[in-house]
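Right, one structure below, let's go through it.
The values are calculated or read from the model by the stated rules, or taken from the named source; none is laboratory data. Please read these numbers as outputs of a predicted model, since none were measured by experiment. Every residue, glycine as well, gets a Cβ built from its backbone with ideal geometry; the counts of neighbours run over all protein chains shown. Keep in mind that these areas ignore ligands, DNA and RNA; they rest on the heavy atoms of the full protein, side chains included. Shrake-Rupley method; radii C 1.70, N 1.55, O 1.52, S 1.80 Å.
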Amino acid sequence: MVVNKKRIVLSNKIYPLFAGLSGDLIFYVTINTLFLTEVKKFSALEISSLTTISLLVMIILNPLVIKIINKIGALNSVKVGVILLFLGAFLITVGNNYFTILIGSILYEAYAYFKKMDTIILRNNLSFLNEKDKYLEYESKGSLVFAVVTMLPALISGFLFNLNPYLPMIGCLIFCVINLFLVNFLYEVKTPNEKVIKKRYKKS
């Protein structure tokens with residue numbers, strides 16, 4: 001098995017930025033309720049049902065998702081995750097009916113299952129470089145990036161929303177596109193004949 005060490009190092013350097021920017025739907029998390037009530041004209045019951053139904057669907061599909069992740073590997077799973085995040089944000093933004101936005105909400109919930117495999121990539125890469133002790137350091141940097149990029153939109157989302165209610169969602173989509181770009185720099189050290197999600201993890 002040929003392993004590109006330079007790409008591993010680059011992947012590890014990119015990881016904190018990618019993890020921070022793809023941790024959630026930036027901008028949307030700060031104005032989601034306002035956006036759905038003022039722009040989409042949803043009632044409180046409709047908004048709460050979006051999350052409830054989306055989570056229920058993902059609980060039902062959980063065994064299938066695990067099989068897919070083990071089949072395609074950690075890196076491809078992360079790529080699927082950021083694509084789902086973009087599609088979810090896009091449907092929520094342009095959707096003009098409950099069903100369309102529900103599909104967007106389901107994709108939004110699904111992305112987390114796939115995107116979280118980026119931690120598996122990081123662990124495998126650090127293990128290959130004999131740097132397992134640096135895992136928390138990278139995770140902390142990713143958390144710091146996420147804290148910063150969520151704080152700034154929280155400060156300006158209200159102002160942007162007053163100018164145009166779709167401006168925050170445009171910002172959200174821009175972050176999703178950045179994630180689609182950054183994920184191409186991640187590199188996976190593949191472990192032969194080993195499932196990405198092991199049985200003990202699946203049971204939990």
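Relative to the longest principal axis of the C-alpha atoms of the chain, give the angle of the C-alpha long axis of helix 74-94, reported between 0 and 90° and rounded to the nearest 10°.
Taking the Cα atoms of the chain, the angle to 74-94 is about 10 degrees.
Dividing the convex hull volume of the Cα atoms of segment 62-204 by its residue count, what figure in Å³ per residue is obtained? Show your work: numbers first, answer last.
Working: hull volume 18.4 nm³, N = 143.
Looking at segment 62-204, the number lands at 128 Å³ per residue.
Over the chain, what is the mean sequence separation of C-alpha contacts under 8 Å (at least six apart), divided by residue count, expressed as relative contact order in percent? Write out the running numbers ahead of the final one.
Numbers: 226 pairs, mean separation 85.5, N = 204.
Normalised by residue count, the contact order of the chain is 42 percent.
Treat segment 26-81 as a sphere of radius equal to its Kirkwood radius over Cα pairs and apply Stokes-Einstein at 37 °C in a medium of 0.692 mPa s; give the translational diffusion coefficient in µm²/s, rounded to a whole number.
Details: Rh = 13.5 Å.
In µm²/s, the coefficient is 243.
For helix 167-182, what angle does its Cα long axis make with the longest principal axis of the chain, in degrees from 0 to 90 and rounded to 10?
The helix 167-182 is inclined about 10 degrees to the chain.
What would the Debye formula give as log10 I(q)/I(0) at q = 0.15, 0.22 Å⁻¹ for the alpha-carbon point model of segment 87-144, no solvent?
Here the Debye-derived log intensity ratios amount to -0.59, -0.79.
Just the number, please: Stokes-Einstein D of segment 1-144 in µm²/s, Kirkwood Rh from C-alpha pairs, 25 °C, 0.890 mPa s.
Values: Rh = 16.7 Å.
Translational D for this selection: 147 µm²/s.
Going from most exposed to least, what order do SER43, SER22, SER140 have by accessible area with a 1.4 Å probe?
Details: SER43 50, SER22 0, SER140 75 Å².
Result, largest first: SER140, SER43, SER22.
Given a 1.4 Å probe and every protein chain left where it sits, what share in percent of the accessible area of segment 53-204 is carbon and sulfur?
Working: 5770 of 8680 Å².
That share works out to 66 percent.
How far apart, in nanometres, would the label points at ALA44 and ALA154 be if each is projected 7 angstrom from Cα along the Cα-to-Cβ direction?
Rounded to a tenth, the inter-label distance reads 2.4 nm.
Just to confirm, what accessible area per residue do you get for the chain at 1.4 Å probe, in whole Å²? Mind dumping the intermediate values first?
Values: 11340 Å² over 204 residues.
For the chain, the solvent-accessible area averages 56 Å² per residue.
With all protein chains present, calculate the accessible area of ILE83 using a 1.4 Å probe and round the result to the nearest 10 Å².
80
So which of LYS6/LYS67; LYS40/LYS79; LYS6/LYS132; LYS6/LYS115; LYS6/LYS116; LYS5/LYS67 end up more than 21 Å apart by C-alpha? List each step's numbers first, then the result.
Numbers: LYS6/LYS67 31 Å; LYS40/LYS79 29 Å; LYS6/LYS132 17 Å; LYS6/LYS115 23 Å; LYS6/LYS116 23 Å; LYS5/LYS67 29 Å.
Going by Cα-Cα distance, LYS6/LYS67; LYS40/LYS79; LYS6/LYS115; LYS6/LYS116; LYS5/LYS67 fall outside the 21 Å limit.
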